[in-house]
Amino acid sequence: MAVITYREALNQALAEEMERDPDVFLMGEEVGVYNGAYKVSKGLLERFGEMRVVDTPITELGFAGLGVGAAMTGVRPVIEFMTWNFAILAFDQIFNAAAKMRSMSGGQFRVPVTFRGPTGAALQLAAQHSQALESQVAHYPGVKVVVPGTPADAKGLLKAAIRDDDPVAVFEGEMLYNLKGEVPEDDDYVIPLGVADLKREGGDVSIITHGKMIHVALQAAAALEKDGVQADVLDLRSLRPLDTDAILATVAKTNRVVLLEEGWAFGGITATIAAMIQEEAFDHLDAPVLRVTQADVPMPYAKGLERAAKPSAELVVEKVNQVLYR
Amino acid sequence: MADDNRQDSVAAVAEAEDQSPEAARAHDHSEEAEMEAVQPDREAQTEHKPRLSDEERLQRLEPDKLRRMMYDMLLARRFEEKTAEAYALGKIGGFCHLYIGQEAVAVGAIHAQRPDDYVMTAYREHVHALQCGISPGAVMAELYGRADGCSKGKGGSMHMFDVEKNYLGGHGIVGAQIPLALGVAWKIKYRGEDRVIQVYCGEAAVNQGAFHESLNMAALWKVPMILIVENNRFGMGTAWERASSLYDIYQKASAYAMPSTVADGMDVLDMYRVTKEAVERARRGEGPTLIEARTYRFVGHSMSDPVSGVYRTKEDVEKEKGNDPIRIFADLLARQNILSQEELEKMDEEVKRISEEAAEFADKSPEPALDELYTEIYANEDVNGRLYFDGRKR
């Protein structure tokens with residue numbers, strides 16, 4: 001296995017899927033000549049030409065809809081949003097068109113479109129550029145949502161998203177693009193949707209999270225280990241479908257749960273999971289399910305305020321200690 | 001100098017504030033007068049179009065094709081009348097937008113393309129669906145929310161689809177179908193297919209960002225899309241001149257260097273002629289066209305909106321009914337000995353019968369089975385994990 005960056009892993013996934021299927025094309029702002037705002041599409045224009053690597057005007061609603069219409073009639077567009085923050089302009093096409101086309105046509109259309117881009121806060125990008133929106137997108141039945149946190153998962157999940165016959169939203173991490181890791185070189189390295197991954201094993205408490213937050217969770221787990229506490233870190237990888245079996249398994253094993261997500265608490269995916277755990281695993285719980293999320297405020301710019309607003313390993317450790325009654 | 005300017009502007013504000021109520025009213029009044037001055041005169045707007053002789057209007061079309069157009073418009077009219085009746089009886093629920101008065105637009109335009117071309121529209125769509133060849137029974141059953149509807153009862157009045165007929169819906173968010181159609185046009189170009197897509201929107205949709213974003217990309221990439229703006233002059237209850245700074249919609253295309261034209265939306269043959277040109281241009285790879293079809297709806301916006309009242313008078317509507325597209329076309333066909341009054345009446349009996357039968361078919365069609373609730377949400381449910389979170393038994 002080669003050690004490559006998260007960015008290179010995504011690039012490999014795109015190149016391999018475009019090679020494999022002539023119906024796959026990439027479209028978005030700066031994906032071609034500029035090689036991608038985050039260089040994810042580096043070299044693809046040269047390799048595949050301008051019909052398959054398409055620079056768009058700045059017109060998110062328009063090209064998101066283009067992707068849905070093209071997918072309805074047989075091709076497999078990959079629509080890149082420079083960040084998911086900008087995709088808010090395109091949510092009508094994702095929520096009202098992509099998510100509903102199959103249902104409202106009585107099953108006549110497949111919509112195999114992939115929407116992808118970075119989610120969540122980077123560093124000091126302020127309120128409008130620092131939002132984790134995956135929970136909001138996962139809210140809509142009809143779309144699937146994946147959130148890879150490692151280079152290998154980025155490759156495997158993006159390939160799965162492109163091959164899937166439904167609209168799949170891929171939430172990447174802006175702070176992860178430079179992250180290095182081992183990635184299988186196999187052209188058919190596809191991670192099935194809805195399969196969570198236990199990133200760390202421990203028997204005392206379960207930290208359940210996804211995306212960039214797995215690194216925060218692992219940091220917290222390392223700190224807890226020094227204190228004699230062994231944590232399961234479950235990486236959901238996919239929010240819809242959601243690997244509820246894996247969630248229930250870790251709950252049954254540790255009986256104590258801390259849920260961690262990068263976005264806001266209100267209506268977040270952790271709220272859904274907390275509800276599910278109390279509905280289906282109440283008897284396994286030795287403590288209330290606690291959550292760590294972003295502070296419920298628009299992201300401030302100032303360094304100290306931003307740090308305070310973000311979920312942190314310290315906050316996770318604090319909540320773990322609470323569920324352990326320490 | 002700068003200070004002087006500031007003082008001047010302060011003085012101007014003071015002067016304005018000093019206006020007596022009478023002066024203010026006078027000011028309002030003059031604004032009204034100005035509004036009236038730019039009130040568009042529809043006749044004047046279309047006047048630049050050449051007046052065509054009967055022969056020119058008929059474009060050497062085969063009599064059978066002309067009679068078919070007549071048949072399609074009549075069926076559209078009678079079908080919609082039957083729909084209104086069924087709605088009044090509570091057979092049809094929800095929103096329901098009728099096309100009465102606008103028939104020439106979809107009938108003429110869709111006749112100008114081939115069955116392998118695509119059609120997509122907004123929510124005033126029953127006639128577009130019929131014109132693409134969906135059976136009247138399947139359209140009516142969809143209106144009734146029944147299993148034999150063209151979207152299996154899951155779409156309703158605003159979401160009819162038929163993948164076999166290349167009819168792509170049926171969309172309920174104003175203007176949002178235009179980016180979708182752009183995507184279909186992009187696909188046609190991507191795959192090098194010899195096809196086009198016609199996409200319709202109402203005039204009110206042209207104020208949406210989706211319209212402008214799509215026009216730009218369509219023209220930039222020269223995709224085979226024909227955008228037909230059905231200007232029936234009211235976005236629900238808002239008159240077009242109260243919603244746009246520019247009256248002539250076709251001119252908006254010039255912002256995107258896109259060819260555009262006005263068609264008489266009350267004349268099925270003008271719709272046919274203008275659309276045919278646009279379709280041929282698109283097939284030649286010369287890109288999109290915007291057609292502003294000037295038309296009028298003889299009915300309310302939806303079933304809950306009376307024909308006339310707050311935003312237009314009974315007299316307005318009666319005057320426009322003098323331009324009934326069916327009457328205009330019937331007169332032409334009679335003059336040219338293509339369809340006699342007697343033949344027209346016979347045709348009318350037939351489409352009335354078909355509309356009746358469609359309603360009977362819909363009535364007999366079963367409601368969708370309740371276990372259809374979770375079908376056809378995803379194309380691929382063969383995934384690990386949970387896709388539905390409501391905790392219900394399935």
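Just so you know, all these numbers are worked out from the coordinates, no wet-lab data involved. Keep in mind it's a predicted model, so treat the numbers as computed, not measured. Cβ atoms come from the backbone with ideal geometry, glycine included; neighbour counts cover every protein chain shown.
When the expected Rg is taken as 2.2 N^0.38 Å, what fraction or multiple of it is the alpha-carbon Rg of segment B:261-390?
On the way: Rg = 23.0 Å, N = 130, 2.2 N^0.38 = 14.0 Å.
Rg over 2.2 N^0.38 Å, computed on Cα atoms: 1.64.
Sort largest first and round to whole Å: the equivalent ellipsoid semi-axes of segment B:349-392, each the square root of five times a Cα gyration tensor eigenvalue. All intermediate terms of the calculation are to be shown ahead of the outcome.
Working: eigenvalues 310, 29, 8 Å².
Each semi-axis is the square root of five times an eigenvalue, giving 39, 12, 6 Å.
At 20 Å minimum axial length over the Cα atoms and a Kyte-Doolittle cut of 0.0, report the qualifying DSSP H helices in chain B, or say none. Don't skip to the answer; put the middle values down first.
Working: long enough: B:2-17 (23 Å, -0.77); B:21-38 (26 Å, -1.07); B:63-88 (38 Å, -0.81); B:177-191 (21 Å, 0.29); B:268-283 (22 Å, -0.50); B:341-364 (34 Å, -1.37).
Going by DSSP H runs, the hits are B:177-191.
As a footprinting exposure proxy, order B:58, B:290 by other Cβ within 10 Å, with the fewest listed first.
Values: B:58 19, B:290 27.
Ordered from fewest to most neighbouring Cβ atoms within 10 Å, B:58, B:290 come out as B:58, B:290.
Which whole-Hz ³J(HN,Hα) couplings does segment A:130-139 yield from phi under the Karplus relation 6.51 cos²θ - 1.76 cosθ + 1.60, θ = phi - 60°, glycine and proline marked x?
Calculated HN-Hα couplings, in order: 10, 10, 9, 10, 4, 5, 5, 5, 5, 4 Hz.
Can you give the alpha-carbon Rg of the protein assembly as shown over 2.2 N^0.38 Å, where N counts its residues?
On the way: Rg = 29.6 Å, N = 720, 2.2 N^0.38 = 26.8 Å.
This ratio for the protein assembly as shown stands at 1.10.
Taking loop as defined by DSSP and a crowding limit of 10 other beta carbons within 10 Å, which trypsin sites (Lys or Arg not before Pro) in segment B:54-160 fit? Please report the intermediate quantities before stating the final value.
On the way: sites: B:57, B:60, B:65, B:67, B:68, B:77, B:78, B:82, B:91, B:124, B:146, B:152, B:154; in loops: B:60, B:91, B:124, B:146, B:152, B:154.
The qualifying sites are B:60.
How large is ³J(HN,Hα), in whole Hz, for each residue of segment B:376-389 in order, when computed from phi with the Karplus curve 6.51 cos²θ - 1.76 cosθ + 1.60 and θ = phi - 60°, using x for Gly and Pro?
6, 8, 10, 7, 10, 9, 7, 10, 6, x, 9, 9, 10, 10
Near residue B:65, which lysines are there with a Cα under 18 Å away, not counting those fewer than 8 places off in the same chain?
Cross-link targets: B:276, B:346.
Do any chymotrypsin sites (Phe, Trp or Tyr not before Pro) in segment B:222-252 lie in a loop, going by DSSP, with at most 16 other beta-carbon atoms within 10 Å of their beta carbon, and if so which?
Details: sites: B:234, B:240, B:247, B:250; in loops: B:247.
When the chymotrypsin sites (Phe, Trp or Tyr not before Pro) of segment B:222-252 are filtered for loop state and at most 16 Cβ neighbours within 10 Å, B:247 remain.
Take the cross-link list A:144/B:222; A:100/A:144; A:199/A:253; A:42/A:180; A:144/A:319 and give me the ones stretching past 23 Å between alpha-carbons. Walk me through the numbers before you get to the answer.
Details: A:144/B:222 32 Å; A:100/A:144 12 Å; A:199/A:253 15 Å; A:42/A:180 17 Å; A:144/A:319 30 Å.
Where the Cα-Cα span goes over 23 Å, the pairs concerned are A:144/B:222; A:144/A:319.
Counting other beta carbons within 10 Å of each residue's own, what order do B:221, B:186 fall into, fewest first? Kindly include the intermediate steps, with their values, before the conclusion.
On the way: B:221 18, B:186 29.
Going from sparsest to densest Cβ surroundings: B:221, B:186.
I'd like the Karplus ³J(HN,Hα) series for segment A:70-82: coefficients 6.51, -1.76, 1.60, θ = phi - 60°, whole numbers in Hz, and an x wherever there's a Gly or Pro.
5, 5, 4, 10, x, 9, 10, x, 10, 9, 9, 9, 4
May I ask you to list the trypsin sites (Lys or Arg not before Pro) in segment B:194-303 that are in a DSSP loop and have at most 16 other Cβ atoms within 10 Å of their Cβ? List each step's numbers first, then the result.
Numbers: sites: B:195, B:222, B:233, B:242, B:252, B:273, B:276, B:281, B:283, B:284, B:294, B:297; in loops: B:195, B:222, B:233, B:284, B:297.
Listed in order of number, the matching sites are B:222, B:284.
In the protein assembly as shown, with Lys and Arg counted as +1 and Asp and Glu as -1 at Cβ, which of these residues, B:105, A:27, A:215, has the Cα nearest the positive end of the dipole, that is, farthest along it?
A:215
Taking every alpha carbon pair in segment A:137-204, what does the distance histogram look like in 5 angstrom bins from 0, in percent?
Going out from 0 Å in 5 Å bins, segment A:137-204 shows 3, 15, 24, 24, 18, 10, 5, 1 percent.
Which number comes out as Rg/Rh for segment B:203-342 once both Rg and the Kirkwood Rh are worked out on C-alpha atoms? Walk me through the numbers on the way to the answer.
Numbers: Rg = 17.1 Å, Rh = 16.7 Å.
Across segment B:203-342, the Cα-based Rg/Rh ratio is 1.03.
Between exposed GluC sites (Glu not before Pro) in chain B, where DSSP calls loop and at most 16 other Cβ atoms lie within 10 Å, what's the longest gap? Working shown, then result.
Working: sites that count: B:164, B:193, B:286, B:381.
In chain B, the maximal stretch lacking such sites is B:1-163.
Once all Cα-Cα distances of segment B:49-160 are split into 5 Å bins that start at 0, what whole-number percent is in each one?
Here the calculated profile for segment B:49-160 is 2, 12, 20, 23, 17, 11, 7, 4, 3, 1.
So how many Å³ per residue does the convex hull of the Cα atoms of chain B work out to?
On the way: hull volume 91.5 nm³, N = 394.
Cα convex hull per residue, to the nearest whole number: 232 Å³.
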